[in-house]
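To start, the structure itself, in structure tokens.
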Amino acid sequence: SSSAASSGRAAEPARVTAFRGLLAYPITPLTDDDVPDLDALGRLVRDAAGAGVDGVVVLASSGAGVTFDPDEREAVVRAAVAAGSTGATAVPVHVAVSGASTREVLARARAARDAGADGLVLAPFSYLPLDEAEVVALFEAVAADVDLPVCFYNRSVQTAYDLTPGALAHLARTTTVVAVKDAASTPARPGGRVAELRDATDGLGVSVGLSGDVPLVRGAEPADAWHTGLAALVPAEYVALRRARTAGTVPDARVARWLHDLTAVLADLRPVSGFHALATLLGVPTAPPRGPSLPVPPDGVARLREIVARRPRG
């Protein structure tokens with residue numbers, strides 16, 4: 001185990017991370033028997049890698065990770081790692097390990113490490129909102145137990161805890177946190193968040209990344225990484241958009257418009273359910289996500305089908 005927390009610095013291997021560029025978060029496809037479809041998952045990972053994404057994260061929000069038991073999670077991670085390490089376009093595979101208790105988080109983190117994960121993504125939450133001391137203690141516990149780089153998944157709207165720049169800097173100095181996944185926009189947050197987090201962690205090698213398909217597609221502020229579930233379903237289009245934005249060039253107008261329209265429809269649907277419905281329309285076999293999530297209603301599927309029919313070719 002790592003002594004990062006007790007030594008007052010991050011473990012050395014965590015300084016090298018792939019939490020940069022375009023990170024794709026695939027759904028966890030399900031069979032009609034409501035078990036993970038590992039072949040379909042492998043296809044998603046291979047297709048995303050082949051299209052040029054920079055990394056994959058499984059079992060996060062898009063992958064409905066909290067709905068699977070330990071054996072299912074292990075099978076998903078091993079299938080994703082195997083798919084991500086094959087061929088000429090291998091990519092690192094990271095695993096979301098959030099849980100309602102520190103004990104559960106640590107068990108998931110160890111299992112992810114043992115199954116070959118390259119890094120961890122962790123959103124701190126519990127039945128009651130956590131305060132900053134409790135959040136810091138959770139990440140210290142992970143660093144002391146599992147020597148893998150960690151991305152702090154800041155879900156302030158859902159968890160009622162919003163990561164402060166000072167807390168991120170502290171975690172970057174004392175634990176294995178090397179990246180943050182932050183919302184590209186929230187109702188109460190002004191612009192300049194990326195610069196604020198970068199300033200607080202200057203010289204610490206932290207990757208400041210953003211999530212949220214609507215603001216990403218429509219022009220979020222530049223960031224070290226984009227974290228997106230949609231990129232795992234339409235990776236070629238998302239890679240093209242990310243590369244154009246990073247290079248400061250104008251994206252292909254057809255691709256940009258199509259992604260704009262697609263994200264507008266998805267924004268009106270329940271997030272995981274919308275991705276499962278879109279996956280089916282794109283030829284990825286999957287049942288709807290496990291309850292309590294409900295399938296997309298027929299009118300929503302019809303709207304998605306119309307968008308898919310307009311997908312740019314070539």
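Observations on the structure shown:
- Looking only at segment 140-150, and only at residues there that are crowded, with 24+ Cβ neighbours inside 10 Å and either more than 19 Å from the chain's Cα centre (by Cα) or aromatic (Phe, Trp, Tyr) (or both), the one that is farthest from Val91 (Cα to Cα): Ala143
- Reported count of residues in segment 191-242, each being of a type in the set (Val, Ile, Thr), closer than 17 Å to Val121 by Cα and touching a residue at least 40 places away in the same chain (Cβ under 8 Å), is 1.
- Residue identified as assigned to a helix (DSSP H, G or I), closer than 27 Å to Leu130 by Cβ and open to solvent by 30 Å² or more (accessible area, probe 1.4 Å) among Arg73, Arg78, Arg103: Arg103
- Members of segment 214-249 found to be among the acidic types (Asp, Glu) and surrounded by 23 or more Cβ atoms within 10 Å (Cβ to Cβ), listed by number: Glu237
- Filter result (under 21 Å from Ala179 (Cα atoms) and in contact (Cβ under 8 Å) with a residue 60 or more places away in the chain) within segment 64-95: Val91, Pro92, His94
- Applying the criterion of at least 1 residues that are open to solvent by 20 Å² or more (accessible area, probe 1.4 Å), more than 24 Å from Gly42 (Cα to Cα) and acidic (Asp, Glu) to the helices (runs of 4 or more DSSP H) found wholly in segment 250-314 leaves 253-267, 298-309.
- Taking every residue in segment 110-135 that is at pLDDT below 95 and exposed (fewer than 15 other Cβ atoms within 10 Å of the Cβ) and pairing it with any residue that is of a type in the set (Phe, Trp, Tyr) and in a loop (DSSP other than H, G, I, E, B), at least 6 positions away or on another chain, the pairs with Cβ-Cβ distances below 7 Å are Pro129/Tyr161.
- Of everything listed in (1) open to solvent by 50 Å² or more (accessible area, probe 1.4 Å); (2) over 22 Å from Gly21 (Cα atoms); (3) of a type in the set (D, E, K, R), the single unmet condition for Arg155 is (2).
- Residue within segment 181-193 that is modelled with pLDDT of 95 or more and open to solvent by 50 Å² or more (accessible area, probe 1.4 Å) present: no
- Odd one out for Gly84 among (1) out of contact with any Pro (no Cβ under 8 Å at 6 or more places or on another chain); (2) surrounded by 24 or more Cβ atoms within 10 Å (Cβ to Cβ): (1)
- Within segment 38-68, the set of residues being open to solvent by less than 50 Å² (accessible area, probe 1.4 Å), among the hydrophobic types (A, V, I, L, M, F, W, C) and either touching a Gly at 6+ places or on another chain (Cβ under 7 Å) or in a helix (DSSP H, G or I) (or both) comprises Ala40, Leu41, Leu44, Val45, Ala48, Ala49, Ala51, Val56, Leu59.
- With respect to (1) among the hydrophobic types (A, V, I, L, M, F, W, C); (2) within 15 Å of the chain's Cα centre (by Cα); (3) not in a loop (DSSP other than H, G, I, E, B), the lone exception for Ala117 is condition (3).
The values are calculated or read from the model by the stated rules, or taken from the named source; none is laboratory data. All figures in this text were calculated on a predicted structure; none of them were measured in a lab. Every residue, glycine as well, gets a Cβ built from its backbone with ideal geometry; the counts of neighbours run over all protein chains shown. Accessible surface areas use protein heavy atoms only, side chains included; no ligands, DNA or RNA. Shrake-Rupley method; radii C 1.70, N 1.55, O 1.52, S 1.80 Å.
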